[in-house]
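Bear in mind these aren't lab numbers, they're just calculated from the coordinates by the rules spelled out. Just so it is clear, the model here is predicted, and its values are computed rather than measured. When we count neighbours, we look across all protein chains shown, and the Cβ atoms used for this are built from the backbone with ideal geometry, even at glycine.
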Amino acid sequence: MHIAKKGLRTLGIAESFSGSPESVLAGVVMRKDLRIDGFRFTTATVGGM
């Protein structure tokens, strides 16, 4: 990894589940200068076999 690269970004993902059939997901892309480049919220169905 080249840390000195000008276009460095990081992705953070969080999940929230409160016992309902759906879970809430949030994602944030942050640039090296600590500015938010983008974010998104979505839901996902929670379940198993």
- Residues located in region 1-32, provided they are in a loop (DSSP other than H, G, I, E, B), closer than 27 Å to Thr45 by Cβ and not aromatic (Phe, Trp, Tyr): Ser18, Gly19, Ser20, Pro21
- Query: Within region 33-44, how many residues are assigned to a strand (DSSP E or B) and under 30 Å from Ala4 (Cβ atoms)?
  - Reply: 5
